[in-house]
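The values are calculated or read from the model by the stated rules, or taken from the named source; none is laboratory data. Predicted model only: the values in this text are computed from it and were never measured. As a convention, Cβ positions derive from the backbone with ideal geometry for all residues, glycine included, and neighbour counts pool all protein chains shown. Surface areas here come from the heavy atoms of the whole protein model, side chains and all, with no ligands, DNA or RNA. Shrake-Rupley method; radii C 1.70, N 1.55, O 1.52, S 1.80 Å.
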Amino acid sequence: MQNFAAQTGTRSNMLRYDFLLVLFGTGVAIIGLFSLPAVSAVGARLRRRDVKQEIYADADGVATPESMKAFSATLPKSLILIFAAAGLGLSIAITLLTLHDPEVRVENLLLIAASWGVLLFQAVSIASSRDSVEAYNLGIYTFFSSITLGGIVLSQIHQIADDLLEGKPLIAALWVIELTLTACLAVSGLSLPRRPDVFVNGELVDRMYTASAFSRFNFSWPNELLSLASKKKDLDIADLNRPDHFTRAAEVSADWKRRNYQHRLWLSVILAHKWAFIIQWTLTLCTSVLNFAPQWVILQLLRILETREPGTKNGTDVWIWVIWLFVAIIAQAWVESFIFWLSWAQLTIPVRAQLSALIFEKAMRRKDVKGADKTQKKAQTDGSSEPTVAGPAGESTAADKPEVPEEEDDEEKIKKSKQGTVNLIGVDGKRVADFCAYQNMFPGSLFKLIVSLSFLISLLGWKALFAGFSAMLAIMPINIHFSKLYSAAQDRLMKVRDEKLEVVTEALQGIRQIKFSALEPEWEKKIGKVRERELDAVWDVYRRDTMLIACWVTSPILLSAISLAVYAWLNGSLTPSVAFVSLGVFKALEVTLSVIPELTTDFLDCWVSINRIEKYLKSPEVTVVSKDSDEVAFDHASIAWPADDDVAEEDRFVLRNINVTFPEGELSVISGKTGTGKSLMLAAILGEVDLLGGSLYVPKPPPLSERHDSKANKDNWIIPKAIAYVAQIPWIENASIRDNIIFGLPFDEERYRKTIEVCALTKDLEMLTDGENTEIGANGINLSGGQKWRVTLARAIYSRAGILVLDDIFSAVDAHVGRHIFENCLNGELAAGRTRILVTHHVALCEPKTKYLVELGDGGVLHAGLLSELREDGALQRIKSHEQSQQEIEADEANTAVNSDTDGDGPQEGADGGALKKVASKSKARKFVEDESRAQGAVRKHIYLTYLKDSGGWVYWGFAVFLFVLVSGFSLGRSWWLRIWTGTYAGGSPSAQIFNSTRQHGFAYSIGIQQTSIHTWTAPSIYISDSLTYYLGIYVLLAVISSVIGTLKYLYVYLGSIRASRALFAKLNFTILRTPIRWLDTVPVGRILNRYTADFHIVDSQLANTLAFGAGSFLALIAVVVAGFIVSPYTIILASVLLGISLYYAIAYLDGARPVKRLESTAKSPVFEQFGSALAGVATIRGFNKADVYIERMYQKLDNYSMMIWHLWLFNRWMGWRMSVVGSFFAIFVSILILLLPDIDSALAGFALAFALEFSSDVMWTVRLYANIELNMNAAERIIEYTELPTEPLDGTKPPAAWPTEGRIEVEDLVVAYAADLPPVLKGLTFSVNRNERVGVVGRTGAGKSSLTLALFRFLEARSGSIHIDGLDISKINLHDLRSRLAIIPQDPVLFSGTIRSNLDPFEHHTDAELRDCLERVHLLTDSAGASGVATPRGTSETTSPTPTLTVKNTNIFNNLDSAISEGGLNLSQGQRQLLCLARAIVSRPRVMVLDEATSAVDMHTDSLIQRSIREEFTDSTLIVIAHRLSTIADFDRILVLSDGQVAEFGAPRELWERGGIFRGMCEESGEKKKLQRIVFGEEAE
């Protein structure tokens, strides 16, 4: 018998030796494979002489001499050589010392020595390499070789461990040293830096590909940055490094274009990033197995402990398992961290940059098609046959726009709306990119399911598992149902958010008109209504979410309870190893299953978004409609405004059968009544139209790359075929005046000075505080109308273009300035030899120098030809009869003596007062648009208190804390019950979140936290008795109660969140609508929109979850510590030490993440501002051929934004990985503690390990969620900052209901300034206006004309003096009452989206008849409504009876009061908008009416009609008119002449004439003194 046993032992030893030999042989083969790159590298080096690189450069950037000097790899190379040589020597020594040891086979020792020899060869090849990247790569192969060798050595030690420990301490020590050397060599292999620091455009590129592999895979390269953040307590953009070439927008966009994909967009995205996706999926497969590795190790440990007799010593195998536990936890944590990082750094960020760049590039090439919303239902049912109007929402280049009569679906609307286009980057691009980060959870969940089920079947058997899963399957339909509801609720929420965005954008863009008309309460209500719908949608999402949480919480409880009960019943016993490990696996499985529903909804969202982007990217682009030629010519051309779809020709505004040739190098004029298609003709020259027939010839400008602008000089400045364009609505950037004029060209001092002079900007620049360096707000907000026009004209004149396309440049300037521009600019030195094509109503002004004239009307060309020909056949006279006469022009030039410009004083209507301050010194220019402020350090206590107060106050949060503590109590209670149960019985449960993924989506982690429970085991296997039902029943009951309260606590927090959101939004909305106009002018709309949208999305949707989960994980951590104390006081010491380390990392992380999150918020706005601005000016940008410049700028802004996101996730991984390591140490310490305490049985050991493993995840989630609370509170901080802005005065007495009854105005010693630190613009102004008097105001730029208007409406408060209206001091009157009783027609007419009716009568106080009457009074309707040329809409048309030449007449939009008006009224021409504003003023019948150059954009005939309307309609009103033309006000009751903020003259025109002062001087200097005299003396009726 003994012989048999001996033989059996010998055979098993032989088998073990053979197995080791095979293992060693395989290991050596792997090491050999890893050595092939070193062999190849040495061979290549021998074949060619290795020349050392002077300056390192790669796709990321170029090193500098300084960074080359600082770069050194000497130390790691030396260490690699030393460790490899020492390892080989030690291995030979061990072989010699153990040559005759029967326990060790010589073959194994020789294989180990050979491996060291190969490693030494690798070390030599690394040390001799001069290429840092090659050495870095070889170092990684050495790392894998060393790890393989370490595994071989460990296996050998494991085999002979007992023998070594008994009597060979020296040999044992040598083996341990050899194992240590393999580890040291592995680390040294990873310590080689990859390259010196590289720079792009002088800025340091991120060091991920610069640092050593150890630093890269350990997330250590941001250490320097984090220590800087800790020191400064802040970070700036300059502190952060630039993106590498895999992330830079320009490179990812170029890469996309190079590949030229023809597939669907989603497939193209996958192919473009296929390697990142492949690595992500491969590592996900690994992590699916690694997730269960620690469970498997614990299973082995517990089985050993179950068989251990109390008091016996542990064998080495137990300690080896402890090491494996450490390796398993570390490996799993690292792979998950790396997947997380790869998902964001190599997928999300590049994909987002790529899609954003492609969308912006497309916007620069896309047809400029935008339309009004469809007419409201009423319009479609009132029997009217009129089609609705479509028009642009960006830059109006037009007087007429296309009709798009079909009902548009949502996607069509998205394509056509500017904001919708911006949303493609802001919402859709983000969704797609984010989904790329976690789509790997789909395969990951499947892999995990397969692995976990295999594991569970081996543990529990299929019957018990099937019983548990049947319970889960029963819940599945409920889960699916609520997932669908959740998805639908999310869709509704997205739609309402789009609506809110549109309403808020419109309000902010029309804020001046809202304030002038005192419409703040109405708009507050309007925005509030949409907001309420949004909050309803948010609450819907929350409710569905709560139900999903309930399903996710209940299903794992049922799964584990039923499976274990059936197992116990079938097997008659339940061992701790089975119970603990199976419950651990159930927990991991729960997370796996719980993410699927939400992931599915995210997938659907992403699918919708990527299709929206694809549809946009495939939408029609501006095609070349013209043929190259030396002249601009139309040959039987029919043109229409661009439309996406095949719209029937009869449904569009079309100019037909045009035959025109504009002479090269000459001035050509296009004229015609308002709305006849003049701007359409210019757009055709720019290529911004659909050519429906015939041919169009335009010179083809050279591409930007061939223009060599930087080398331009006087001799080659003009490029004959290049085009410059001045749009009807001037498009101005947020930059200095000089930058707006130069527009990216080199600065030519002489040309620039001449341009300023001929464009009549010299005086304006003298008036401005900072001269040419004055910063202009977005859309030129702090310039007057005329200044905007002249700046855009100067841009065209300064440009290198040989062809100037100018739209209506005279309409906003005085006749005197107009003549100056005509003589010196259009026909001066700078325009000589350039082809000038000008749209204007001022034909008579242009006649002397015009070569070619076109008159449009009736949908085509009425007259066209050389001026000399038209003069001969009498056509010229007919054209001029439609326009302003020469006499009128000369009469208007009476302005010369006083008005150098019609625009009033610099900043129109309350903009930057700096524009009015004469200062000799030109110090550093003041910023008009201030940089966005951002807080520093931790979020202030005040912010938390405000949020807590708004969400319900102390009582509410007190109850919330009670609920959370109750849930934790039930978790502990459940554990305690299990402890009692296992005292008598068997039962079990492991850690809740033992090995949960560190990247869990949505609510998954919250359930882990909720379900966290400590299950204490006091005895090993005990046989089942009848009391199973009793114990299990109570356990399940406790679990169910805990899950119900756990679910309700979320609903409770959501309630508070909605309450806080409602309160904060109401405060923000109230404040923003009532902030002073100066603040609104200096803050870009995008910045305010960010508060209304992105920041509120966080406060609405994320903050509540973060608060709830954060509180949950913190209490779970406390529960873990409390429960741990019960097991052993030593664990508390360990917990404290490791918590201290965790706290250190957490603080370092927060110091870095906080400022970067704030920078991210401020880096987002410029992307949207640039996009919005470029969309608005797309016609100008393309006209100047500057699209590439704007694309480059967008790349820069996208890179800034990418870097913020990059660093946020980098810091997140830095912290997450370190937390995982700290947690794994805790698990190892506890394992060692368990093994060192002989009295602990397997049940208590199982519980202790569960607790230890839970510690890691709870600490990490607590820190991460606290950080998230801080970062999300950043959104609340930005909102609260805006809710606390100063508002305009809200107090004041209420005037009588009928006030003002007479309209008497008395201004007494009025002193007014734009800001406290600026000098006054009105200096002691005194005058009075009697009842129903008409007063004209004239004065030079800066005289104070607009300032007077602003003072009257209290946009500027008086420093001293007063204004009385009907005896009441307006400074004492409530501001809203004051503005609502006065009326103004500003120079820039503002209309709101809706209908003609909603614009005329927003509060529905008037009948349709009254509204029609007002439209007739301003000549938008005539008796033969529809036939009026004046009222031709931009794009509505209907067929009329055919005529021989024209088959289509364009209809009148104003026939139908329900005709749609697009955002900003941009589907009407500029003239029509001004007329509609005038009609709006007539409707309200005010007692005091102010007109600020209100008729500058209409033709002369219409203008004279309007002047008559004003005289007739406002007989019962006091009228103050800031004069546009002297003839307009020459017959007024009195004239107020302002000069330098003071009254120069005031009196009746006749009286002023007779007095012989400034007014008389003006008239005498004009060319038509007699005509004006007749008007003044009442001898000629106007």
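Taking each residue of the stretch 1331-1344 that is within 25 Å of W1299 (Cβ to Cβ) and open to solvent by 10 Å² or more (accessible area, probe 1.4 Å) and looking for partners that are assigned to a loop (DSSP other than H, G, I, E, B) and modelled with pLDDT of 80 or more with beta-carbon atoms closer than 6 Å, six or more apart or interchain, yields R1331/E1302; R1331/G1303; R1331/R1304; E1333/D1533; R1334/F1532; R1334/D1533. Listed by position, the helices (runs of 4 or more DSSP H) inside the stretch 243-355 whose residues that are open to solvent by less than 50 Å² (accessible area, probe 1.4 Å) and at pLDDT below 85 number at least 3 are 293-307, 316-343. Check F442, F466, F482 and return the single one that is surrounded by fewer than 20 Cβ atoms within 10 Å (Cβ to Cβ) and in contact with a Leu (Cβ under 7 Å, 6 or more places away or on another chain). Sole residue among the options that is surrounded by fewer than 20 Cβ atoms within 10 Å (Cβ to Cβ) and in contact with a Leu (Cβ under 7 Å, 6 or more places away or on another chain): F442. Of everything listed in (1) over 30 Å from F340 (Cβ atoms); (2) modelled with pLDDT under 85; (3) over 32 Å from the mean Cα position of the chain (by Cα), the single unmet condition for M472 is (1). Please tell me if L1236 is open to solvent by 10 Å² or more (accessible area, probe 1.4 Å) and aliphatic (A, V, I, L, M). Against the criterion (open to solvent by 10 Å² or more (accessible area, probe 1.4 Å) and aliphatic (A, V, I, L, M)), L1236 qualifies. Checked against (1) at pLDDT 90 or above; (2) among the small types (G, A, S); (3) not in a loop (DSSP other than H, G, I, E, B), S220 meets all criteria but (3).
Condition check ((1) over 25 Å from R1381 (Cα atoms); (2) open to solvent by less than 10 Å² (accessible area, probe 1.4 Å); (3) in a helix (DSSP H, G or I); (4) touching a residue at least 24 places away in the same chain (Cβ under 8 Å)) across all residues:
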{"residue": "V503", "(1), (2), (3), (4)": "yes, no, yes, yes"}
{"residue": "E524", "(1), (2), (3), (4)": "no, no, yes, yes"}
{"residue": "R531", "(1), (2), (3), (4)": "yes, yes, yes, yes"}
{"residue": "V538", "(1), (2), (3), (4)": "yes, yes, yes, yes"}
{"residue": "Y542", "(1), (2), (3), (4)": "yes, yes, yes, yes"}
{"residue": "L559", "(1), (2), (3), (4)": "yes, yes, yes, yes"}
{"residue": "S563", "(1), (2), (3), (4)": "yes, yes, yes, yes"}
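Does the stretch 759-768 contain at least one residue that is polar (S, T, N, Q), in contact (Cβ under 8 Å) with a residue 40 or more places away in the chain and open to solvent by 10 Å² or more (accessible area, probe 1.4 Å)? Within the stretch 759-768, not a single residue is polar (S, T, N, Q), in contact (Cβ under 8 Å) with a residue 40 or more places away in the chain and open to solvent by 10 Å² or more (accessible area, probe 1.4 Å).
Looking only at residues of the stretch 1187-1209 that are open to solvent by less than 10 Å² (accessible area, probe 1.4 Å) and closer than 23 Å to V622 by Cα, we find that the one that is farthest from the chain's Cα centre (by Cα) is Y1190. For F24, the conditions (1) at pLDDT below 80; (2) open to solvent by 20 Å² or more (accessible area, probe 1.4 Å) all hold with the exception of (2). Based on what the data block shows, is K495 surrounded by fewer than 19 Cβ atoms within 10 Å (Cβ to Cβ) and more than 40 Å from the chain's Cα centre (by Cα)? Here the answer is no, as K495 does not meet what is asked. Residues that are in a loop (DSSP other than H, G, I, E, B) and touching a helix residue (DSSP H, G or I) at 6+ places or on another chain (Cβ under 7 Å) within the stretch 42-70 comprise I55, Y56, D60, listed in sequence order. Taking the conditions exactly as written (hydroxyl-bearing (S, T, Y), closer than 30 Å to D1188 by Cα and touching an Asp or Glu at 6+ places or on another chain (Cβ under 6 Å)), does S695 satisfy them or not? Answer is yes for this residue.
Residue count for the stretch 276-322, restricted to those that are touching a residue at least 60 places away in the same chain (Cβ under 8 Å) and within 50 Å of the chain's Cα centre (by Cα): 18. Is there a residue in the stretch 75-95 that is aliphatic (A, V, I, L, M) and not in a helix (DSSP H, G or I)? No: zero hits. When each of T1131, T1162 is tested for being of a type in the set (S, T, Y) and within 30 Å of I1118 (Cα to Cα), the lone residue that passes is T1131.
Screening the stretch 105-132 for residues that are β-branched (V, I, T) and open to solvent by 10 Å² or more (accessible area, probe 1.4 Å) and picking the one that is farthest from R47 (Cα to Cα) gives V106.
The residues on offer are P1296, P1289, and the sole one that is open to solvent by 40 Å² or more (accessible area, probe 1.4 Å), under 30 Å from Y947 (Cα atoms), part of a loop (DSSP other than H, G, I, E, B) and out of contact with any Lys or Arg (no Cβ under 6 Å at 6 or more places or on another chain) is P1289. For the stretch 1166-1178, the criterion of being surrounded by fewer than 21 Cβ atoms within 10 Å (Cβ to Cβ) and among the acidic types (D, E) is satisfied by no residue at all. Scanning the stretch 1272-1286 for residues that are part of a helix (DSSP H, G or I) and either in contact with a Gly (Cβ under 8 Å, 6 or more places away or on another chain) or not charged (D, E, K, R) (or both) returns N1272, M1273, N1274, A1275, A1276, I1279, I1280, Y1282, T1283. From the list V200, V205, which residue is under 30 Å from F246 (Cβ atoms), open to solvent by less than 30 Å² (accessible area, probe 1.4 Å), among the β-branched types (V, I, T) and touching a residue at least 60 places away in the same chain (Cβ under 8 Å)? Every option except V205 fails the conditions.
Looking only at residues in the stretch 1387-1404 that are closer than 17 Å to W523 by Cβ and assigned to a loop (DSSP other than H, G, I, E, B), which one is most open to solvent (accessible area, probe 1.4 Å)? The selected residue is E1404.
Of everything in the stretch 731-758 that is under 37 Å from the mean Cα position of the chain (by Cα) and without any contact (Cβ under 8 Å) to a residue 40 or more places away in the chain, the residue that is surrounded by the fewest Cβ atoms within 10 Å (Cβ to Cβ) is F747. Where helices (runs of 4 or more DSSP H) sit wholly within the stretch 396-451, those with at least 3 residues that are of a type in the set (D, E, K, R) and modelled with pLDDT under 85 occupy 410-416.
Does the stretch 1355-1375 hold any residues that are crowded, with 19+ Cβ neighbours inside 10 Å and either of a type in the set (D, E, K, R) or within 10 Å of E1306 (Cα to Cα) (or both), and which are they? Within the stretch 1355-1375, I1363, I1365, D1366 qualify.
Counting residues in the stretch 549-557 that are in contact with a strand residue (DSSP E or B) (Cβ under 6 Å, 6 or more places away or on another chain) and open to solvent by less than 10 Å² (accessible area, probe 1.4 Å) gives zero.
Scanning the stretch 1228-1277 for residues that are at pLDDT 80 or above and either touching a strand residue (DSSP E or B) at 6+ places or on another chain (Cβ under 6 Å) or among the small types (G, A, S) (or both) yields S1231, A1275, A1276.
Does the stretch 833-854 contain any residue that is of a type in the set (G, A, S), assigned to a loop (DSSP other than H, G, I, E, B) and open to solvent by 20 Å² or more (accessible area, probe 1.4 Å)? Yes: one or more hits.
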